[in-house]
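What follows is a set of notes on a single structure, which appears directly below.
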Amino acid sequence: MKLTGTYRLAAPPARVFAALVDPDVLQRCIEGAERLVRTADDQYDVHLRLGIGTVKGAYVGTVRLTDQQPPDRFTLHVEGKGAPGFVRGSARIQLTAAGAGTVAICDADGQVGGVVSAVGSRLLDATARMLMDRFFERLGAEVR
Amino acid sequence: MSTIVKEKVGYVGRAMKRVEDPRLLKGLATYVDDLRLPGMLHAVVVRSPHAHARVRRVDGAAARALAGVAGVFSGADLNAHCGTVPCAASMPDLKAPKHTVLASDRVYFVGHPVAVVVAATPYAAVDAAEAVQVEYEPLPVVVDAEKALEKGSPLTHPDLGTNVAFTWHLAGGDIDAAFKNADRVVRQRMYHQRLTPMAIEPRGCVASFDRGSGTLTLWTSTQIPHLVRTLLPGMIGIAENKLRVVAPEVGGGFGSKLNLYVEEAICSYLAMRLGAPVKWIERRRENAAATIHGRDQIGDYEVAVSNDGTILGLRNRTIADLGSYLQLLTPAIPTLTGLVLTGSYKIPAVRMDVIGVYTHKMAADAYRGAGRPEATYLIERLMDLVAGETGQDPIELRRRHFPKPQEFPFPTATGLTYDSGDYDAALRKAMELARWDELVGRREARRRDGGLFGIGVSTYVEICGMGPSKAMMAGGWEWGCVRIEMSAKVTVITGATPHGQGQETSFAQIAADRLGVPIDDIVVLHGDTSIAHYGRDTYGSRATAVGGGALVMCIDRVVDKAKRLAAHLLGARPEQVEFQEGRFSLKGGAGRDLGWTDLAAEAYVAKNLPAGFEPGLEASAFFEPENFTFPFGTHICAVDLDRETGKVTIVKYVAVDDCGNQMNPLLIEGQLQGGIAQSIGQALFERTVYDENGQLLTGEFTDYALPRAEDIPEYAMGATVTPTTANPLGVKGVGEAGTIGATPAIANAVIDALRPLGVKHLDMPLTPEKIWRAINRR
């Protein structure tokens, strides 16, 4: 499953970038992230609670940041598994200055497996879109 | 009490309501999940979310630490004790993966059992199952059976070195000559989609071990308690005579419970190991992922036709997508397709080449019809395609290829001998019920108005009454017992294990007539191997055709024995005794007569028996059928398509079925009604979908489109009666006919409706989207 989105944020790229690599901000922005614990440079253990379609459940996994080129771009990887199956995805985020603000282009690729795929697949694209929109909406509030 | 027959008219042939129904309708039936045993533990299976992965680690420590958990078991704990899942179908070149009860180092489909958690309550077991940590390393996946045959494809089972499970060939007549002499060859590629049986009651079992006697009882929602008793000992190492298998009320099987599954072996083994009863109840999502699927064949079909429209031969190459494992009959299903490939037609030459292919999916196996729906669909679609390409009327094309009634027993090019039939009589009757000319007029009128109206026909024949033992791996006989109790009540026992088909009613009707006793005095028992000692159970529409044969043998034996006793008590020779409507008297009508009450009392009190007469009044019998049976019929379907949305409305449905002599027309109608509903599901809605990663996308009723009540039209139903000689009742079987006969009639109707747009073929399911795209060429 692939999806892309373009978001406008009311802060310059440097500030947006700094927010995106801050674990506290990340936790507040990632939907359902109940806990985010740093385990290494640019790597965190994450506890997620998510509902996809009719399947609600807890996932334990990792968040990793790679390919960092401040303040222009980086890639965010999220991986989690739990009783409903697994979720796995990465998002390439490109930041471009636009006036006083930033345009963020997000290019995401995700995969789910197990029950979450078997009973939620029709809602998956919509859910993923919703999760991405929420992420940038919250990020926008953080950097405003 | 008196044994005078209350009903002068026989019970057989009457549309009697099912004796089974009151308990089912009132919620008084006992299903597996209703069983509650003291100290019973609850098992939950941890399943793979990956279609193919290496299992690096199974860690049950966190689960074990939870309250109420009695144990967490991985493949390393159980596989050495539980053997492998048996497959009862063999092929000379069959390559079979080792099918252990839990994954060893790899998983091969989404839903593959990896670990089992046992706890004091179902809730604790579910929570603990979520706490089991499994580390997977995903591996390359293959889900498309055609791609699985390509060079360089990922392998389903790398250790087998190939995705080809087996090849199978069927040839009859001179196929090369047929195609050499053909004026025209009609070709079509057809895909017979994968289906999920979706019985209302998912699977489940309870195993209980009696440590004192060393006996194990397994209650399981199965069609085949006897086959489970035959096969399970080989898995868990218990002696056959220390195993009792009980199929209590079963909420639907359709072939999906014609299997021995890993959970049955796991619960049985754990009950012995833990010394406590273990219950496992399958959840709906597990049912969709880890109970067998059906169908899934793709093939290229070719028909050799002469200029005058005569069909000279039929050949095809079929790829059967087996999924990742062999269940009980997996490789046998496409061979059943081959056997009835020529349908109800005289086609002198045939060739079928089957390749069975492994993919990372759940195993495919017998689903209602099992191989015959595939055959019937393809031959009935091909008849329409041939008619279309040669400009013939589809009805006349069918008719001219029917064997005539006097040509039966009819040998087919596929090597079968059809027992009896009058195919044209069923066709005529169906056309009459459908008011054929009026229906055709309606189609023409709708077409003139720009409407999309189609008529489809299927003149099917199928194989039932499975079957002669020489054709069945584990024997194809059936066992029964009839006992006149001391009180003259009658106990009928059958090994045929009905589970919804209604033999508690029809067998009582047969026994009541033949013994001359009131039907209320009869109880029919089944489904418990400690009562029905032997049996070959219910599948392949065999319970009445084969089980009924055993019933008749038992009744004849009991009556013979009773005659000998009556002769002794009447002071005559057995051959002087006449038996009529429950009374034993001397021929010529003189003197007193005796009833079952008199004879049963004497037989068990045993004070005044003839010399050498064994006390008691019971007989058991094994009935061996001489052949399969071949029910047939004609289904006619008319549809109206919505041009804007592609939605199909079935405006008329006519079914004329010939299942030989009818024991109870109501049961027959019920079987057909349900079967046709499942056909509507396959033709218009249902498809089991895996994505390219092997993820199952149709894991629940929200995503797997079963037909709903509003999708089922009123059927006009009729019958012809052509008895078989394969069994003493002359019955052919009807459990699968609806699912076999109806699907092509519906598909043919939809494609006929699209014919004015130039559409020749569409693969099922014929969803609104597919039809809309065909209409709009998009």
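Please work out the ratio of the alpha-carbon Rg of segment B:468-623 to 2.2 N^0.38 Å and round it to two decimals.
Taking the Cα Rg and dividing by 2.2 N^0.38 Å, one obtains 1.09.
Which distance in nm do the two modelled labels at residue A:24 and residue A:58 give, with both placed 7 Å along the Cα-to-Cβ direction?
About 2.5 nm separates the two model spin labels.
Once phi is turned into ³J(HN,Hα) by the Karplus curve 6.51 cos²θ - 1.76 cosθ + 1.60 with θ = phi - 60°, what whole-Hz value does each residue of segment B:360-377 show in order, with x for glycine and proline?
In residue order, the calculated couplings are 7, 9, 5, 4, 9, 7, 6, 10, 2, x, 6, x, 6, x, 4, 4, 5, 4 Hz.
How much length, in nm to one decimal, is gained on full extension between residue B:592 and residue B:123, taken as 0.36 nm per residue of separation minus their Cα-Cα distance?
On the way: separation 469, 0.36 × 469 = 168.84 nm, distance 6.78 nm.
Fully extending the segment from residue B:592 to residue B:123 adds 162.1 nm.
Once you place label points 7 Å from the Cα toward the Cβ at residue B:581 and residue B:487, how far apart are they in nm?
2.6
Determine the shielding of peptide A:78-86 by partner chains: average, over its residues, the number of Cβ atoms on other chains within 10 angstrom of each Cβ.
Partner-chain Cβ atoms within 10 Å, mean over residues of A:78-86: 3.
Which far-off residues, 5 or more places away or on another chain, put their amide H under 5 Å from the one on residue B:719, with H placed in the peptide plane?
It is B:657, by chain and number.
Applying 1/(1 + (r/R0)^6) with R0 = 22 Å to the Cβ-Cβ distance of residue B:609 and residue B:531, what FRET efficiency is obtained, to the nearest 0.05?
On the way: r = 27 Å, r/R0 = 1.21.
Plugging the Cβ-Cβ distance into 1/(1 + (r/R0)^6) gives 0.25.
Shielding of B:692-698 by partners, i.e. mean partner chain Cβ atoms within 10 Å per residue?
5
Between segment B:111-146 and segment B:20-60, how many Å separate their Cα centres?
14
In segment B:45-110, what trypsin sites (Lys or Arg not before Pro) fall in a loop by DSSP, with at most 15 other Cβ atoms inside 10 Å?
B:98
With a Förster radius of 25 Å, plug the Cβ-Cβ distance of residue B:160 and residue B:133 into 1/(1 + (r/R0)^6) and report the FRET value to the nearest 0.05.
Result of the calculation: an efficiency of 0.25.
Using the Karplus equation 6.51 cos²θ - 1.76 cosθ + 1.60 (θ = phi - 60°), what ³J(HN,Hα) coupling, rounded to whole Hz, does each residue of segment B:105-117 give in order, writing x for Gly and Pro?
10, 9, 10, 10, 7, 5, x, 4, x, 10, 8, 10, 10
Which of the three applies to the protein assembly as shown, rounded, prolate or oblate, going by the alpha-carbon gyration tensor with a ≥ b ≥ c and a/c under 1.5 meaning rounded?
Oblate shape, in that a/c is at least 1.5 and b/c is the bigger or equal ratio.
Distance between the C-alpha centers of segment A:87-134 and segment B:521-591? Whole Å please.
Their Cα centres are 72 Å away from one another.
Along its principal axes, what span do the Cα atoms of segment B:336-455 show, with the longest given first and each in whole Å?
Result, largest extent first: 49, 44, 28 Å.
Antiparallel DSSP bridges in the protein assembly as shown: what percent, to the nearest 5?
Restricted to the protein assembly as shown, the bridges split so that about 85 percent are antiparallel.
Would you work out which of B:493, B:518, B:549 lies farthest towards the positive end of the dipole of segment B:469-614, given +1 charges on the beta-carbon of Lys and Arg and -1 on that of Asp and Glu, about the Cα centre?
Result: B:549, furthest along the dipole toward the positive end.
Got a sec? Which residues in segment B:113-143 would a label at residue B:65 touch, if it sits 7 Å along Cα→Cβ and we count backbone N under 17 Å?
Those under the cut-off are B:127-134.
Farthest toward the dipole's positive end in segment A:2-143, which of A:108, A:26, A:50, given Cβ charges of +1 (Lys, Arg) and -1 (Asp, Glu) about the Cα centre?
Farthest towards the positive end: A:50.
Which trypsin sites (Lys or Arg not before Pro) from segment B:132-188 combine a DSSP loop assignment with at most 14 other Cβ atoms within 10 Å? Write down the numbers at each step before the final one.
Numbers: sites: B:147, B:151, B:180, B:184, B:187; in loops: B:151.
Hits after loop and neighbour filter: B:151.
Looking at the square roots a ≥ b ≥ c of the eigenvalues of the Cα gyration tensor of chain B, which shape do they give, rounded for a/c under 1.5, prolate if a/b is larger than b/c, or oblate?
Since a/c reaches 1.5 but b/c is at least a/b, the shape of chain B is classed as oblate.
I need B:477, B:219 ordered by Cβ neighbour count within 10 Å, fewest first. Spell out each step's value before the answer.
Details: B:477 22, B:219 27.
With the fewest neighbours first, B:477, B:219 line up as B:477, B:219.
Can you tell which of B:363, A:76, A:97 lies farthest toward the positive end of the dipole of the protein assembly as shown, using +1 and -1 charges on the Cβ of basic and acidic side chains (Lys, Arg; Asp, Glu)?
In the protein assembly as shown, that residue is A:97.
Just subtract the alpha-carbon distance of residue B:183 and residue B:471 from 0.36 nm times their residue separation and send over the number in nm, one decimal.
99.9 nm
Which ³J(HN,Hα) values in Hz, rounded to whole numbers, follow from the phi angles of segment B:180-193 under the Karplus curve 6.51 cos²θ - 1.76 cosθ + 1.60, where θ = phi - 60° and Gly and Pro get x?
5, 8, 6, 7, 7, 10, 9, 10, 7, 9, 9, 10, 9, 5
For Cα pairs less than 8 Å apart in space and 6+ apart in sequence, what is the mean separation divided by the residue count of chain A, i.e. the relative contact order in percent?
Relative contact order, chain A: 30 percent.
Return the calculated 222 nm mean residue ellipticity for the protein assembly as shown, to the nearest 500 deg cm²/dmol, obtained by summing -39500 (n - 2.57) across DSSP H runs with n ≥ 4 and dividing by the residue count. Don't jump to the answer; show the numbers that get you there.
Numbers: 23 runs with 257 residues, N = 922.
Value at 222 nm, helices only: -8500 deg cm²/dmol.
Using alpha carbons only, how many angstrom separate the centre of segment B:442-514 from the centre of segment B:325-364?
Comparing the Cα centres of segment B:442-514 and segment B:325-364, I get a distance of 23 Å.
For B:674-687, what's the mean count of beta carbons from other chains sitting within 10 Å of each residue's beta carbon?
Per residue, the average neighbour count from other chains is 0.
Explain nothing, just the number: dipole magnitude of the protein assembly as shown about its Cα centre with +1 on each Lys and Arg Cβ and -1 on each Asp and Glu Cβ, in debye rounded to the nearest 20.
For this selection, approximately 520 debye.
Just so you know, all these numbers are worked out from the coordinates, no wet-lab data involved. Since we're looking at a predicted model, the values are computed, not measured. Every residue, glycine among them, receives a Cβ derived from its backbone with ideal geometry; neighbour counts consider all protein chains shown.
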